[in-house]
Amino acid sequence: MKNLLFLLLFIPLFSFSQYYTGQRVFEDKFPVERIDKDRSSYLLIKNSDLDIIVALKDVNRDVVIQHAYIRARDNYKFKNIPIGKYVCMYMWTDSLGKRHYSIDDQYMDFPEEVTSYAYYEITMEKSIGGNLSQTSIDEADFFIQ
């Protein structure tokens, strides 16, 4: 009975301590989000087996325009992406508690022309010879402002 009471008292604490997909966990470290409500452009992230934080960085302005926490095996869609060239930066913690940071080696172009593709999908899977590669970065590079 004592164990059951312990569980009932602490379950609410554990259920609210986890971040949710789409949460802006670093609002204090990144600028205000930039969106263009007149554009239907998006970036869909299909996550794998680890929780991850994805930050969408404007290549020309060197600033993060949107970021989100994405739980393991969840999908998240960054919407209304303004015209520009962007790369994704990633932050995750391994099973030993070590934080890792990386950035895409190729940029995504969200052009002005309506006839061009205005969306991208990234599936987070470790693969050999995949079509998107990343480079490790440090924490300071991830939290550029």
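Can you compute the FRET efficiency between residue 109 and residue 25 using 1/(1 + (r/R0)^6), with r the Cβ-Cβ distance and R0 = 22 Å? Round to the nearest 0.05.
Details: r = 28 Å, r/R0 = 1.25.
For residue 109 and residue 25, the calculated efficiency is 0.20.
Fully extending the segment from residue 36 to residue 80, taken as 0.36 nm per residue of separation minus the present Cα-Cα distance, adds 15.3 nm.
Distance between the 7 Å Cα→Cβ label points at residue 59 and residue 94: 2.9 nm. Close amide H pairs (under 5 Å, H built 1.01 Å from N) link residue 21 with 71, residues at least 5 positions away or on another chain.
Suppose R0 equals 35 Å. What FRET efficiency, 1/(1 + (r/R0)^6) with r the Cβ-Cβ distance, do residue 18 and residue 122 give to the nearest 0.05? Efficiency at R0 = 35 Å is approximately 0.90.
The Cα atoms of the range 44-141 give a gyration tensor whose axes a ≥ b ≥ c have a/c of 1.5 or more with a/b greater than b/c, which makes the shape prolate.
Read-outs throughout are calculated quantities, based only on the coordinates presented, and are distinct from any laboratory measurement. Just so we're clear, the structure is a prediction, and the values are computed from it rather than from any experiment. Virtual Cβ from ideal backbone geometry, glycine too; neighbours counted across all protein chains shown.
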